[in-house]
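The values are calculated or read from the model by the stated rules, or taken from the named source; none is laboratory data. It should be emphasised that the depicted structure is a prediction, and the values quoted were computed from it without experimental measurement. Don't worry about glycine lacking a Cβ; one is built from the backbone with ideal geometry, like all the others, and counts go over all protein chains shown.
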Amino acid sequence: MHAIKILLADDHQIVLDGLREIVGTVPEFRVCAEAKNSRLLLSLTAECLPGLILMDLNMPGKDSLETLGEIKTRFPRIKILVLTMYGSPEIVRRALSLGADGYLLKDHGREELLYAIREVLAGRLYLSEQLRTHAGERRSEPYPDEFAAKIALTEREREILRLIARSYTNREIGDKLFISEFTVATHRRNLKRKLHAENTADLVRFAYEHDIM
């Protein structure tokens, strides 16, 4: 019987060491590669074609959720279990919508991690217990965490934020994206709420600081 290949992705070496040790205790699992950034994760996925990817969301390089979606598009049979400290409902929903097969918070232990891996490999969706009742909820307050705010933005919000940072007016953005000026204004309000921004200058600053240009 061939061991199931597992690819580990996290930008902290101590986390990778711990995950490798845990996965290594199971005879039917084998760590085939380790990645510390999203770009390396993409190349290693194509190289070793794992049965499952165990990945964090906060890694250097390309947006990790976009990377997740790209992997699922290119390799739909590869299972992806997100292992992260971020449990915001918006982030969980976005990860699942992009194809994540499971979502595990980092405050769990070894047994729960191995259980989650087995559930995902068996074709069942896994969610940490504290996420099961909240995954469908909406969140109204702004994000206090900038990384969480960044990855919770939709593609449309990123597009509009990029144009705001380039000094486009609401009308100009609407004309460029073929949407109404009112819709742009709504997106602008939502961006301020999500990013805890008081004004346009705060939005522009966030876009520059997080390479949304």
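Scanning the stretch 152-210 for residues that are free of Cβ contacts under 8 Å to residues at least 60 places away in the same chain and small (Gly, Ala, Ser) turns up ALA165, SER167, GLY174, SER180, ALA185, ALA197, ALA201, ALA207. Residues considered: LEU54, LEU81. Of these, the only one that is under 22 Å from ALA152 (Cα atoms), assigned to a strand (DSSP E or B), of a type outside the set (Ser, Thr, Tyr) and in contact with a Gly (Cβ under 7 Å, 6 or more places away or on another chain) is LEU81. When the stretch 85-116 is filtered for residues that are in a helix (DSSP H, G or I), surrounded by 18 or more Cβ atoms within 10 Å (Cβ to Cβ) and touching a helix residue (DSSP H, G or I) at 6+ places or on another chain (Cβ under 8 Å), the ones remaining, listed by number, are GLU90, ILE91, VAL92, ARG94, ALA95, LEU113.
Yes or no: the stretch 133-145 includes at least one residue that is assigned to a helix (DSSP H, G or I) and either more than 19 Å from SER64 (Cβ to Cβ) or modelled with pLDDT under 90 (or both). Scanning the stretch 133-145 turns up no residue that is assigned to a helix (DSSP H, G or I) and either more than 19 Å from SER64 (Cβ to Cβ) or modelled with pLDDT under 90 (or both).
Considering each residue of the stretch 35-45 in turn, at least one proves to be assigned to a helix (DSSP H, G or I), surrounded by fewer than 20 Cβ atoms within 10 Å (Cβ to Cβ) and small (Gly, Ala, Ser).
Among LEU83, LEU49, LEU16, which is the only one that is on the phi > 0 side of the Ramachandran plot and out of contact with any Phe, Trp or Tyr (no Cβ under 6 Å at 6 or more places or on another chain)? Explain how you work it out, then say what you get.
Numbers: LEU83 fails: on the phi > 0 side of the Ramachandran plot; LEU16 fails: on the phi > 0 side of the Ramachandran plot.
Step by step, each of LEU83, LEU49, LEU16 is checked, and only LEU49 is on the phi > 0 side of the Ramachandran plot and out of contact with any Phe, Trp or Tyr (no Cβ under 6 Å at 6 or more places or on another chain).
Evaluated against (1) within 21 Å of PRO50 (Cβ to Cβ); (2) touching a helix residue (DSSP H, G or I) at 6+ places or on another chain (Cβ under 9 Å); (3) of a type outside the set (A, V, I, L, M); (4) crowded, with 18+ Cβ neighbours inside 10 Å, LYS72 falls short on exactly one condition, (2). In the stretch 58-72, is there at least one residue being farther than 19 Å from LEU153 by Cα and out of contact with any Asp or Glu (no Cβ under 7 Å at 6 or more places or on another chain)? Yes, that holds for at least one residue.
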